[in-house]
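Chemist: Dropping the structure in here first, questions after.
Read-outs: derived from the displayed coordinates by stated rules, not from any lab. Everything numeric in this text was worked out from a predicted model, so none of it was measured. Virtual Cβ from ideal backbone geometry, glycine too; neighbours counted across all protein chains shown.
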């Protein structure tokens, strides 16, 4: 595996950029600005960006097989039609908790949408699975902040990040039914600087984990051993995904929320998009079947 080098891509100034996903049909990168209450569409070739303003904080999004997006945010789960800007609510399992909202999530290999919550009351959050028939299943409880989710290329393992605990868990994953079992700590970052945030998995089974407050992207081999680190020009990289025509470009989102004026002057590219080219491709984008 060759060493990637992170390069600035676009100055979007996202307050809390998150959930980058590659749209293979459009050849575009989508992401959210949670605090900015918007979804962004970006063309890496022309460097043109389009913003879809919303009235809610959206934590994450996934592509639907029928077109449009499945999203999760402060008012639960919904379908978003970017052509009309229409949001169609599905369900909000934590409507009785004003301190809680959905955070990160991803579409799994079996066409389910996995999304987890966060709140001001630590370790009371949950991980949910939205089935294609729009039934919602609770898959994990006692979470601090639900973050990066991904799957191994052979579909036998699901990775899930709990940021306050600074761990990435690994589960046995059954693709036929979309079930998880036998959680184990796969990476323990408690002795490292920065907090594990969003992640993605390449075709060789290596996991790329953004490190909030860590100024880097960390790459782990399939056994959970640190392989390489990509230094960042910003303190708060938030997530990453593979895209481009050959899926070999690693796109990275970042944030400026919570930084002091002094810190912002020292890192003027906080909140921008970045990329890193390499020789190992990522996996194709999964589609939500609901």
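Chemist: Two decimals is fine: what's Rg over Rh for the chain, C-alpha atoms, Kirkwood radius as Rh?
Modeler: A ratio of 0.92.
Chemist: Here's a follow-up. With springs only between Cα atoms under 10 Å apart, run a GNM on the chain and tell me which of 115, 210, 95 wobbles the most.
Modeler: 95
Chemist: Per residue and in Å³, how big is the convex hull formed by the alpha-carbon atoms of the range 1-138?
Modeler: 152 Å³
Chemist: Just report the Cα centroid separation between the range 143-194 and the range 1-62, whole Å.
Modeler: Rounded to whole Å, the Cα centres lie 23 Å apart.
Chemist: Using the Cα gyration tensor of the range 189-270, with a ≥ b ≥ c the square roots of its eigenvalues, what is the shape: rounded (a/c below 1.5), prolate (a/b larger than b/c) or oblate (neither)?
Modeler: oblate
Chemist: Hey, another quick one. Quick check on packing: order 76-83, 193-200 by the mean number of other C-beta atoms within 10 Å, highest mean leading.
Modeler: The peptides rank, most packed first, as 193-200, 76-83.
Chemist: Would you list 232, 269 from fewest to most Cβ contacts within 10 Å?
Modeler: In increasing order of surrounding Cβ atoms, one gets 269, 232.
Chemist: Another question about this same structure. Output the relative contact order of the chain, whole-number percent, from Cα pairs under 8 angstrom with separation of 6+ residues.
Modeler: Rounded, it is 20 percent for the chain.
Chemist: By counting other Cβ atoms within 10 Å of each Cβ, how are 52, 171 ranked from fewest to most?
Modeler: Result, fewest neighbours first: 52, 171.
Chemist: Could I ask something else about it? Please label the shape of the range 61-130 as rounded, prolate or oblate, based on the square roots a ≥ b ≥ c of the eigenvalues of the alpha-carbon gyration tensor (a/c under 1.5 means rounded; beyond that, a/b larger than b/c means prolate, else oblate).
Modeler: Oblate, since a/c reaches 1.5 and b/c is not below a/b.
Chemist: Between 240, 60, 219, where does the largest GNM mean-square fluctuation fall for the chain, given springs only between Cα atoms within less than 10 Å?
Modeler: Largest GNM mean-square fluctuation: 219.
Chemist: With runs of 4+ DSSP H residues as the only contributors, calculate the mean residue ellipticity of the chain at 222 nm using -39,500 (n - 2.57) per run, divided by the residue total and rounded to the nearest 500.
Modeler: Theoretical 222 nm ellipticity from helices: -500 deg cm²/dmol.
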